[in-house]
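**Student:** One structure, pasted below without further comment.
The values are calculated or read from the model by the stated rules, or taken from the named source; none is laboratory data. Not measured: the values here are computed from a predicted model. Neighbour counts run over all protein chains shown; Cβ positions are idealised from the backbone, glycine included.
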Amino acid sequence: MMMQEELKKLQAKFDAQKTEFEKLASAYEKQKASLSDSAKLQKGEELAKAQRDLQRSAADLQESLDRKRDIALNDIFKEIMKITETIAKKEGYVLVLDKRSALYSADSIDISDEVTKALDASK
């Protein structure tokens with residue numbers, strides 16, 4: 001849950017920045033006709049900087065999301081490995097393969113459901 005709260009804060013910060021950029025862009029469009037050339041240039045540069053900042057924030061947000069997703073997936077994978085090892089030792093298996101690694105396997109030796117149930121129970 002902590003990760004979701006953190007992500008909501010980051011998203012809210014980005015949304016506020018986006019809203020501010022949209023206000024700046026709208027104000028510029030409304031004022032553009034009455035501005036001098038130098039004022040247009042200055043406002044255009046300010047708008048371009050705000051747009052770059054917004055794009056950078058979007059990239060930072062995506063990077064943060066990707067990092068947090070990778071951490072969460074890694075934690076889940078570690079838990080699955082631990083549970084699989086426990087089941088394998090308990091059942092006396094000498095080898096456990098990912099189903100995608102085997103060309104063929106009988107359903108009777110598939111422990112996926114057992115691992116899933118144990119993973120759900122551990123939460």
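**Student:** Among residues belonging to the range 104-121 that are surrounded by 10 or more Cβ atoms within 10 Å (Cβ to Cβ) and not in a helix (DSSP H, G or I), point out the one that is modelled with the lowest pLDDT. Talk me through it step by step, then tell me what you get.
**Tutor:** The initial filter retains those residues of the range 104-121 that are surrounded by 10 or more Cβ atoms within 10 Å (Cβ to Cβ), namely 105, 109-112, 114-119.
Of the ones still in play, those that are also not in a helix (DSSP H, G or I) are 105, 110-111.
Numbers: SER105: 82, ASP110: 88, ILE111: 90.
Out of the qualifying residues, it is SER105.
**Student:** Also: Of these, ALA50, ALA59, ALA72, which one is surrounded by 10 or more Cβ atoms within 10 Å (Cβ to Cβ), under 25 Å from SER122 (Cα atoms) and of a type in the set (Gly, Ala, Ser)?
**Tutor:** On the way: ALA50 fails: under 25 Å from SER122 (Cα atoms); ALA59 fails: under 25 Å from SER122 (Cα atoms).
Answer to the check: ALA72.
**Student:** Select, from GLN55, GLN42, GLN51, GLN11, the only residue that is touching a helix residue (DSSP H, G or I) at 6+ places or on another chain (Cβ under 8 Å), in a helix (DSSP H, G or I) and more than 30 Å from LEU119 (Cβ to Cβ).
**Tutor:** Details: GLN55 fails: touching a helix residue (DSSP H, G or I) at 6+ places or on another chain (Cβ under 8 Å); GLN42 fails: touching a helix residue (DSSP H, G or I) at 6+ places or on another chain (Cβ under 8 Å); GLN11 fails: more than 30 Å from LEU119 (Cβ to Cβ).
The unique qualifying residue is GLN51.
**Student:** For GLU85, which of the numbered conditions (1) acidic (Asp, Glu); (2) under 30 Å from ASP120 (Cβ atoms); (3) exposed (fewer than 10 other Cβ atoms within 10 Å of the Cβ) fails to hold?
**Tutor:** Result: GLU85 fails condition (3) only.
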